[in-house]
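A short reminder: the numbers here are calculations on the coordinates, not readings from a lab. Treat the numbers as computed from the prediction; the structure is a model and nothing was measured. Neighbour counts run over all protein chains shown; Cβ positions are idealised from the backbone, glycine included.
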């Protein structure tokens with residue numbers, strides 16, 4: 001018999017770090033060029049005008065503008081209709097005109 005108690009083993013005790021996915025900006029916020037809008041896996045939100053898509057599906061903006069999220073109707077296979085979330089930007093001059101009106 002052993003004169004000391006064994007330590008045993010376990011399959012627990014580890015966890016992965018959070019990936020910090022999701023929206024980084026809100027609707028109507030003014031942002032600078034190159035800023036990250038949305039971090040995601042897959043194409044949950046599609047890029048629109050003045051926005052780009054990174055290699056890991058991150059959405060970023062091409063010029064400084066005001067952010068606007070929309071639901072856009074799109075035709076899919078076999079003529080099915082489905083709404084798709086799209087992010088795009090309003091130009092600064094158009095935004096100023098909309099605020100005045």
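Details
- Each of 5, 67 has some number of other Cβ atoms within 10 Å of its Cβ, and from fewest to most they run 5, 67.
- With the simple model of a label 7 Å out from the Cα in the direction of the Cβ, residue 70 to residue 20 spans 3.1 nm.
- Neighbour-count order for 53, 41, 14, fewest beta carbons within 10 angstrom listed first: 14, 41, 53
- With neighbours defined as other Cβ atoms within 10 Å of a residue's Cβ, the residues 17, 46 order from fewest to most as 17, 46.
- Value of Rg/Rh across the stretch 5-74 [Cα atoms, Kirkwood radius]: 1.30
- Computed from the C-beta positions of residue 10 and residue 43, the FRET efficiency with R₀ = 30 Å rounds to 0.15.
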